[in-house]
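Worksheet: the structure to be examined is printed underneath.
The values are calculated or read from the model by the stated rules, or taken from the named source; none is laboratory data. Nothing here was measured: the structure is a model prediction, and the numbers come from that model. FYI the Cβ positions are ideal-geometry reconstructions off the backbone, even for glycines, and counts take in every protein chain you see. Accessible surface is based on the protein model in full, side chains and every heavy atom, while ligands, DNA and RNA are left aside. Shrake-Rupley method; radii C 1.70, N 1.55, O 1.52, S 1.80 Å.
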Amino acid sequence: LPVPAGAITGQAGACRNTSLVYSIAAVPGALSYNWSLPAGASGTSTGTSITVNFGPAYAGGFICVSAVNACGSGVQSCINVPALTVRPTVPAAISGPSPVCGPATVTYSVPALSGATNYVWSVTGSGVSIVSGNGTNTVQVSIPTGFGQGSISVYAQNCVGNSPTSNLSLTGIPTHGSSLFGPVINCRNTTGSFSISVVPGNPTYSWRIPGGAPI
């Protein structure tokens, strides 16, 4: 008998009234392939791939295939293809470093969502770019030298629609502090209080006082 069929590749979820292609790697010694489809789906093939038409009543099920030769059929391989009837939920919080120092290539990801067939990522910030992974739940992002402030966001898609967007602020080199607040005129032997607005990215602050005045 042929060896068991390998894993079936194809979209893990299907909308009604759509067509999708599913395939496996060729099995050594196989003369043909036997595909079986769930109720509400149709298509025929004796090769390593099949175009499946999902009808208006499709409610989900397993697509299976086995390799066939003169001795019979080998062990099936199956993939569960649920019917997609609602759009994905909002992705969970994006994981990855922030603050981040450039130059660097860093990884950001969200947990895989049930019913999602695509992930759309975007980044902001001067020189920041997605290197690879757009369309999946994990991307590689290039952070340039001198990176200051930016963001990364992602939403999930399927044939029903788009999820809400998940966002993460990215910080690098702290932005310049705003104007200094405090008394313009200060008398000797007195205490003055000075401050600036909070700088994003949770930096520490280094104060310098002219003339050797204590802090």
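Structural remarks
- Residues in the stretch 59-78 that are outside any strand (DSSP E or B), more than 18 Å from ALA12 (Cα to Cα) and either open to solvent by 30 Å² or more (accessible area, probe 1.4 Å) or at pLDDT below 95 (or both): ALA70, CYS71, VAL75.
- Meets criteria (touching a strand residue (DSSP E or B) at 6+ places or on another chain (Cβ under 6 Å), among the aliphatic types (A, V, I, L, M), within 19 Å of SER114 (Cβ to Cβ) and surrounded by 21 or more Cβ atoms within 10 Å (Cβ to Cβ)) for ALA14: yes
- Candidate set from the stretch 138-149 (those that are part of a strand (DSSP E or B) and open to solvent by 20 Å² or more (accessible area, probe 1.4 Å)); member that is nearest to ASN118 (Cα to Cα): THR138
- The stretch 78-100 residues that are without any contact (Cβ under 8 Å) to a residue 40 or more places away in the chain, paired with ones that are open to solvent by less than 70 Å² (accessible area, probe 1.4 Å) and outside any strand (DSSP E or B) (beta carbon under 9 Å, 6 or more apart): SER95/VAL110
- Scanning the stretch 57-89 for residues that are among the small types (Gly, Ala, Ser) and touching a Lys or Arg at 6+ places or on another chain (Cβ under 7 Å) turns up just one, ALA83.
- Selected residue (only one of SER109, SER163 is surrounded by 15 or more Cβ atoms within 10 Å (Cβ to Cβ), in contact with a Lys or Arg (Cβ under 7 Å, 6 or more places away or on another chain), under 30 Å from VAL21 (Cα atoms) and hydroxyl-bearing (Ser, Thr, Tyr)): SER163
- Members of the stretch 29-47 found to be hydrophobic (A, V, I, L, M, F, W, C) and in contact with a Gly (Cβ under 8 Å, 6 or more places away or on another chain), listed by number: ALA30, TRP35, LEU37, ALA39, ALA41
- Residues of the stretch 1-58 satisfying the condition of being part of a loop (DSSP other than H, G, I, E, B), under 27 Å from the mean Cα position of the chain (by Cα) and hydrophobic (A, V, I, L, M, F, W, C): ALA7, ILE8, ALA12, CYS15, ILE24, ALA25
- First in the stretch 179-196 and under 15 Å from GLY211 (Cβ atoms), second anywhere and among the polar types (S, T, N, Q), Cβ under 9 Å, 6 or more apart: GLY192/ASN186
- Just one of (1) at pLDDT 95 or above; (2) in a loop (DSSP other than H, G, I, E, B); (3) touching a Phe, Trp or Tyr at 6+ places or on another chain (Cβ under 8 Å) fails for ALA92. It is (3).
- Test for PRO28: is it in contact (Cβ under 8 Å) with a residue 60 or more places away in the chain and not small (Gly, Ala, Ser): no
- Pairs are defined by a Cβ separation below 8 Å, a sequence spacing of at least 6 or placement on different chains, a first member in the stretch 54-66 that is among the β-branched types (Val, Ile, Thr), and a second member that is assigned to a loop (DSSP other than H, G, I, E, B); the pairs so defined are ILE63/ILE8; ILE63/GLY10; ILE63/LEU37; ILE63/PRO38; VAL65/ALA5; VAL65/ILE8; VAL65/ILE24; VAL65/GLN76.
- Residue selection: THR117 satisfies the criterion of being buried (at least 18 other Cβ atoms within 10 Å of the Cβ), closer than 29 Å to PRO38 by Cβ, touching a residue at least 60 places away in the same chain (Cβ under 8 Å) and of a type in the set (Ser, Thr, Tyr).
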